[in-house]
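A.B. asks: One structure, pasted below without further comment.
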Amino acid sequence: MTAETKVYTLEECKKHNTESDCWLIMFGKVYDVTKFLDDHPGGTEIMVDVTGRDATDDFEDVVHSATARKQLEGLYIGELHEDDKAKMRSAGVANAPAGASKASPQAAPNPAVTFIKAILPFLLIAVLFLYQKKGSAAA
């Protein structure tokens, strides 16, 4: 952390919870995502809903591309205060299942999993189409 890095408390971050002023806390860092809300593929609401708390797990639960991870760098505004990081870590450990670990922001998703998640909806549509076509041919 450099002398220029701004440090924010959780209470300060909680104030930025609207579509016109939206900050997210992920990986112990604070991001002002206000300018990005309209461009977010998942929509504005999904991001506003995770303000005021650690959104790392929400970010990691969705397969984000390397490009999306890179975009975070441009939205970074500072670090979460160390006391708040410690509180979140202890709360996360208390609520996490045994053996669970937090993923780091540099951890790239497995390409095979990314591919499967991307292609699965198309495969399901193809199977349903073929099933329907077979049913129509039998009639």
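A.B. asks: How about the stretch 6-33: which of its residues are aromatic (F, W, Y) and assigned to a strand (DSSP E or B)?
C.D. replies: Within the stretch 6-33, the first condition is being aromatic (F, W, Y), and the residues that meet it are 8, 23, 27, 31.
Those that are aromatic (F, W, Y) and assigned to a strand (DSSP E or B): Y8, W23, Y31.
A.B. asks: Filter the stretch 36-53 for residues that are under 19 Å from S65 (Cα atoms) and assigned to a helix (DSSP H, G or I) and give the result. Outline the logic, then answer.
C.D. replies: Pass one, the stretch 36-53, residues under 19 Å from S65 (Cα atoms): 36-44, 46-47.
If the condition is that a residue be under 19 Å from S65 (Cα atoms) and assigned to a helix (DSSP H, G or I), then F36, L37, D38, D39, T44, I46, M47 are the ones that fit.
A.B. asks: So in the stretch 90-138, with the set limited to residues that are among the aliphatic types (A, V, I, L, M) and loosely packed, with under 10 Cβ neighbours inside 10 Å, which one is modelled with the highest pLDDT?
C.D. replies: A112
A.B. asks: While we're here: Contact list please: Cβ distance under 7 Å, first residue in the stretch 40-63 and free of Cβ contacts under 8 Å to residues at least 24 places away in the same chain, second residue surrounded by 15 or more Cβ atoms within 10 Å (Cβ to Cβ) and assigned to a helix (DSSP H, G or I), pairs at least six apart or on different chains.
C.D. replies: H40/M47
The values are calculated or read from the model by the stated rules, or taken from the named source; none is laboratory data. If you're wondering where the values come from, they're calculated on a predicted model, not measured in any experiment. Cβ atoms come from the backbone with ideal geometry, glycine included; neighbour counts cover every protein chain shown.
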